[in-house]
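Let me begin by presenting the structure, written as structure tokens, before commenting on it.
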């Protein structure tokens, strides 16, 4: 089993260069005047946080999605305050302590929301989701996503490989957003904690690889605006990760294309903020 896991990890690392060439649009090689040292405008937001989360990891799910949300430093505290106001106003008092906006539970009425599965409870859950997801449009937060359809594939190794590919494509699309919208800025990646530390190590290695300039292929770094490594945090501690979770969940439901899916109303709330959507 360990040898098979090592083989899967090696495949992810070996394929990543080819995947980038196949799914990313080449960025211009010639630096702009700003990149050559021109002073950026004084009102430029230089630091952004990229929250990224996944949805659909279960074998039963027909679609797997990575979704990222980019948040400016000046928006953090405002978003936290508005999210807390939603909790204070809408969430039942017995659930407010250490509350987390978890899209799957809120939408389906699972876990702590099981007593609110009746019609009145459903209206409350959907109202909370509407208020929370509306923050994305109100603050004009860009969304970047990459999804893939399982087509019945149940092999764990192949699924892990394709999840790694989708992650790489999603992060490359984040880089494209910086190139087009925030060329002089930098961003830091934060993801939800993974089930196993070795999974986190794979993602960290991929980011490190993508930030290096390859002398072998004479390519510049694929990621020029993402600094440091990818950091992992518990989603219950981060409003940004909870927003990314909601995006991943409803984008995944959209790609699954289930007839008369009530999730479509929430996808429509965030659809206009999707900068790039890739289905591989």
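Given the condition buried (at least 19 other Cβ atoms within 10 Å of the Cβ), modelled with pLDDT of 95 or more and assigned to a helix (DSSP H, G or I), answer yes or no: does some residue in the stretch 14-28 qualify?
No, every residue in the stretch 14-28 fails to be buried (at least 19 other Cβ atoms within 10 Å of the Cβ), modelled with pLDDT of 95 or more and assigned to a helix (DSSP H, G or I).
I'd like to check something: does the stretch 229-239 contain any residue that is in a helix (DSSP H, G or I), modelled with pLDDT of 95 or more, under 30 Å from residue 126 (Cβ atoms) and under 18 Å from the mean Cα position of the chain (by Cα)? Lay out the reasoning, then the answer.
Step one: list which residues in the stretch 229-239 are in a helix (DSSP H, G or I), which gives 235-237, 239.
Filter once more, keeping what is modelled with pLDDT of 95 or more: 239.
Retained after the next criterion (residues that are under 30 Å from residue 126 (Cβ atoms)): 239.
Of the ones still in play, those that are also under 18 Å from the mean Cα position of the chain (by Cα) are 239.
Within the stretch 229-239 (the criterion being in a helix (DSSP H, G or I), modelled with pLDDT of 95 or more, under 30 Å from residue 126 (Cβ atoms) and under 18 Å from the mean Cα position of the chain (by Cα)), the answer is yes, since at least one residue qualifies.
Of the conditions (1) in a helix (DSSP H, G or I); (2) more than 30 Å from residue 204 (Cα to Cα), residue 136 fails just one. Which one is it?
It is condition (2) that residue 136 fails.
Of all residues in the stretch 173-222, which are modelled with pLDDT of 85 or more, within 16 Å of the chain's Cα centre (by Cα) and part of a loop (DSSP other than H, G, I, E, B)?
Of everything in the stretch 173-222, just one residue is modelled with pLDDT of 85 or more, within 16 Å of the chain's Cα centre (by Cα) and part of a loop (DSSP other than H, G, I, E, B), namely 193.
Does any residue of the stretch 54-75 turn out to be without any contact (Cβ under 8 Å) to a residue 12 or more places away in the chain and in a helix (DSSP H, G or I)? Before you say what the answer is, go through the steps one by one.
Quick first cut of the stretch 54-75, residues without any contact (Cβ under 8 Å) to a residue 12 or more places away in the chain only: 58, 60.
Still in the list and also in a helix (DSSP H, G or I): none.
Scanning the stretch 54-75 turns up no residue that is without any contact (Cβ under 8 Å) to a residue 12 or more places away in the chain and in a helix (DSSP H, G or I).
Can you tell me how many residues within the stretch 246-280 are outside any strand (DSSP E or B) and within 29 Å of residue 212 (Cα to Cα)?
Let us first name the residues in the stretch 246-280 that are outside any strand (DSSP E or B), namely 246-273, 280.
Applying the additional criterion that residues be within 29 Å of residue 212 (Cα to Cα) yields 248, 280.
Adding up the residues that qualify gives 2.
Could you look through the stretch 192-210, keep only residues that are in contact with a strand residue (DSSP E or B) (Cβ under 7 Å, 6 or more places away or on another chain) and over 11 Å from residue 229 (Cβ atoms), and pick out the one that is surrounded by the most Cβ atoms within 10 Å (Cβ to Cβ)?
Step one: filter the stretch 192-210 for residues in contact with a strand residue (DSSP E or B) (Cβ under 7 Å, 6 or more places away or on another chain), giving 192-194, 200, 203-204, 207-208.
So of that shortlist, the ones also over 11 Å from residue 229 (Cβ atoms) come out as 192-194.
Working: 192: 19, 193: 14, 194: 14.
Filtering the stretch 192-210 for residues that are in contact with a strand residue (DSSP E or B) (Cβ under 7 Å, 6 or more places away or on another chain) and over 11 Å from residue 229 (Cβ atoms), the one surrounded by the most Cβ atoms within 10 Å (Cβ to Cβ) comes out as 192.
Identify, please: which residue in the stretch 89-104 is assigned to a helix (DSSP H, G or I) and within 18 Å of residue 133 (Cβ to Cβ) and is, among those, nearest to the chain's Cα centre (by Cα)? Spell out how you get there, then give the answer.
First, pick out the residues of the stretch 89-104 that are assigned to a helix (DSSP H, G or I): 89-90, 93-95, 103-104.
After this cut, where a residue has to be within 18 Å of residue 133 (Cβ to Cβ) as well, the list is 89-90, 103-104.
Values: 89: 27, 90: 26, 103: 14, 104: 15 Å.
Only one residue fits best here, namely 103.
Can you go through 117, 162, 154 and tell me which one is closer than 27 Å to residue 62 by Cα, in contact (Cβ under 8 Å) with a residue 60 or more places away in the chain and surrounded by fewer than 17 Cβ atoms within 10 Å (Cβ to Cβ)? Let's see the steps before the verdict.
Details: 117 fails: in contact (Cβ under 8 Å) with a residue 60 or more places away in the chain; 162 fails: surrounded by fewer than 17 Cβ atoms within 10 Å (Cβ to Cβ).
Answer to the selection: 154.
Checking residue 244 against (1) touching a strand residue (DSSP E or B) at 6+ places or on another chain (Cβ under 8 Å); (2) modelled with pLDDT of 95 or more; (3) surrounded by fewer than 20 Cβ atoms within 10 Å (Cβ to Cβ); (4) within 19 Å of residue 64 (Cβ to Cβ): exactly one of these is not met. Which one?
Unmet condition: (3).
Of (1) surrounded by fewer than 19 Cβ atoms within 10 Å (Cβ to Cβ); (2) more than 17 Å from the chain's Cα centre (by Cα), residue 263 satisfies all except one. Which?
(1)
Take the conditions at pLDDT 95 or above and in a loop (DSSP other than H, G, I, E, B) and apply them to residue 141. Does it pass?
Details: at pLDDT 95 or above: yes; in a loop (DSSP other than H, G, I, E, B): yes.
Judged against the criteria, residue 141 is a match.
The values are calculated or read from the model by the stated rules, or taken from the named source; none is laboratory data. Since the structure is predicted, the reported quantities are computational estimates derived from the model, not experimental observations. All Cβ positions, even for glycine, are placed from backbone atoms using ideal geometry, and neighbour counts span all protein chains on display.
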